[in-house]
2 protein chains.
Amino acid sequence: MPKGRANAGRLSADDWIQAGYAILADDGLEALKLDRLCTRLGVTKGSFYWHFADMAAYRSALAHAWAQLHDRDRRHFADLGHLTPRARLSQMMASLLGERQWTLERAMREWARTDPAVAESVRAADHRVLDAVRHAFADAGFDADEADMRANSVFAAGIGFLHLSDAPPGARMDAQRERFLDLMLTR
Amino acid sequence: MPKGRANAGRLSADDWIQAGYAILADDGLEALKLDRLCTRLGVTKGSFYWHFADMAAYRSALAHAWAQLHDRDRRHFADLGHLTPRARLSQMMASLLGERQWTLERAMREWARTDPAVAESVRAADHRVLDAVRHAFADAGFDADEADMRANSVFAAGIGFLHLSDAPPGARMDAQRERFLDLMLTR
DNA sequence: ACCTGAACACCGTTCAAGT
DNA sequence: ACCTGAACACCGTTCAAGT
């Protein structure tokens with residue numbers, strides 16, 4: 001019985017990751033303290049250091065696992081080929097901003113600033129999305145150069161919306177984003 | 001002789017602020033430690049606590065001072081009225097992203113996430129810029145609703161560009177941003 | 001009014017010892 | 001192989017005492 005979660009006493013590295021997600025989602029970045037993790041898992045600090053070299057390594061592991069989740073979530077962007085480019089862009093925007101794991105997404109981007117390993121995970125994840133966005137513009141009939149410029153702009157706007165909103169975006173903003181996409185698709 | 005800087009031994013609150021700017025600009029957010037500040041100013045920690053209640057209060061003061069600098073820097077946005085709306089937008093973009101105090105700007109936005117007082121300063125500063133951007137679109141002949149939507153989008157894209165760039169933006173990105181503005185001004 | 005010095009609490013890290 | 005327990009270093013905070 002491998003891969004079972006927390007069977008009996010002993011923990012796996014993944015148990016620590018899951019606990020980290022939960023804390024981040026509940027109370028944000030600054031709540032992710034060693035003590036907090038230990039209480040939640042019912043072990044002492046020493047246990048942590050058997051699984052991870054230090055906090056930096058743990059964050060890297062968390063980020064790496066997150067990037068994989070992220071990729072799985074966005075894998076279906078590729079399967080969106082049957083939709084019109086316009087519909088695809090709309091889907092992607094919504095999926096970025098409507099994120100139930102909205103607070104996770106932002107936590108990762110903050111860490112990325114100070115932690116190179118996390119930065120690499122985020123960059124890789126971003127790259128995939130940017131590719132999909134660029135692809136949509138190419139399918140909409142723009143040449144490579146024009147598609148690149150428009151994709152960068154739309155992606156930047158998406159990230160900007162993410163950072164500017166204190167709460168998950170409301171209906172009014174949703175409508176504005178749709179009109180923004182219309183604009184970006186005019187030639 | 002009031003307002004003199006660090007005349008002889010005694011410090012003013014502003015001396016602490018200036019030291020904070022210097023550290024942030026040199027080595028970023030996580031370098032701003034009490035010890036670091038004290039060594040730089042040649043005093044002990046106790047001195048800090050005479051001027052500020054705690055680190056949170058100090059950060060608020062820093063943010064507030066920054067917001068005033070920010071406003072002074074952007075005050076001339078208003079004096080830009082003689083320029084064409086297009087030129088004004090270009091100026092504002094460049095001024096946001098070309099910022100010599102680029103690392104300060106990002107530090108403030110990161111704090112804003114956890115510190116309500118800092119958040120207020122940043123929001124106020126953002127509000128001014130957004131107003132100027134919206135005004136430019138209104139002057140370009142868009143009705144209030146359309147100007148609002150376009151201003152929000154351009155502003156979000158600006159913030160997004162800011163967060164996505166690891167280094168100050170290069171020439172290629174500059175060109176893409178100009179083309180993006182052209183697009184946003186088409187009707 | 002402004003600062004020192006010493007104490008304390010919090011939290012990440014180490015490590016010898018346990019099962 | 002996985003964890004405990006106790007120690008330590010780092011850093012923010014307090015406060016009585018100095019000038």
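The values are calculated or read from the model by the stated rules, or taken from the named source; none is laboratory data. Keep in mind it's a predicted model, so treat the numbers as computed, not measured. Here Cβ is always computed from backbone atoms with ideal geometry, including for glycine, and neighbour counts include all displayed protein chains.
Could you list, in sequence order, the residues of segment A:53-90 that are within 16 Å of DNA strand D (Cβ to nearest atom), without any contact (Cβ under 8 Å) to a residue 24 or more places away in the chain, more than 14 Å from chain B (Cβ to nearest Cβ) and among the aliphatic types (A, V, I, L, M)? Walk me through it before giving the result.
Filtering segment A:53-90 for residues within 16 Å of DNA strand D (Cβ to nearest atom) gives A:53-58, A:61.
From the residues that got through so far, the ones that are without any contact (Cβ under 8 Å) to a residue 24 or more places away in the chain too are A:53-55, A:57.
Filter again for more than 14 Å from chain B (Cβ to nearest Cβ), leaving A:53-54, A:57.
Matches in segment A:53-90: A:Ala53, A:Ala57.
What single numbered condition from (1) crowded, with 20+ Cβ neighbours inside 10 Å; (2) modelled with pLDDT under 90 fails to hold for B:Ala117?
Of everything listed in (1) crowded, with 20+ Cβ neighbours inside 10 Å; (2) modelled with pLDDT under 90, B:Ala117 misses just condition (1).
Among the numbered criteria (1) within 16 Å of DNA strand D (Cβ to nearest atom); (2) more than 18 Å from the chain's Cα centre (by Cα); (3) crowded, with 16+ Cβ neighbours inside 10 Å; (4) not charged (D, E, K, R), which one does B:Trp50 miss?
Among (1) within 16 Å of DNA strand D (Cβ to nearest atom); (2) more than 18 Å from the chain's Cα centre (by Cα); (3) crowded, with 16+ Cβ neighbours inside 10 Å; (4) not charged (D, E, K, R), the lone unmet condition for B:Trp50 is (3).
With the requirement that a residue be modelled with pLDDT under 90, within 14 Å of chain A (Cβ to nearest Cβ) and either within 10 Å of DNA strand D (Cβ to nearest atom) or in a helix (DSSP H, G or I) (or both), what does segment B:23-47 give you?
B:Leu24, B:Asp27, B:Leu29, B:Glu30, B:Ala31
State yes or no: is A:Leu62 in contact with a Gly (Cβ under 7 Å, 6 or more places away or on another chain) and within 16 Å of DNA strand C (Cβ to nearest atom)?
Values: in contact with a Gly (Cβ under 7 Å, 6 or more places away or on another chain): yes; within 16 Å of DNA strand C (Cβ to nearest atom): yes.
Spelling it out, A:Leu62 is indeed in contact with a Gly (Cβ under 7 Å, 6 or more places away or on another chain) and within 16 Å of DNA strand C (Cβ to nearest atom).
Could you grab the pairs with beta carbons closer than 8 Å, sequence gap of 6+ or different chains, first residue in segment A:20-35 and over 17 Å from A:Ala112 (Cβ atoms), second one part of a loop (DSSP other than H, G, I, E, B)?
Matching pairs, first to second residue: A:Ile23/A:Leu32; A:Ala25/A:Gln101.
Could you please let me know if B:Tyr58 is surrounded by 15 or more Cβ atoms within 10 Å (Cβ to Cβ) and among the hydroxyl-bearing types (Ser, Thr, Tyr)? Even if it seems obvious, please write down each step before you answer.
On the way: surrounded by 15 or more Cβ atoms within 10 Å (Cβ to Cβ): yes; among the hydroxyl-bearing types (Ser, Thr, Tyr): yes.
Yes; evaluated as a whole, the condition is true for this residue.
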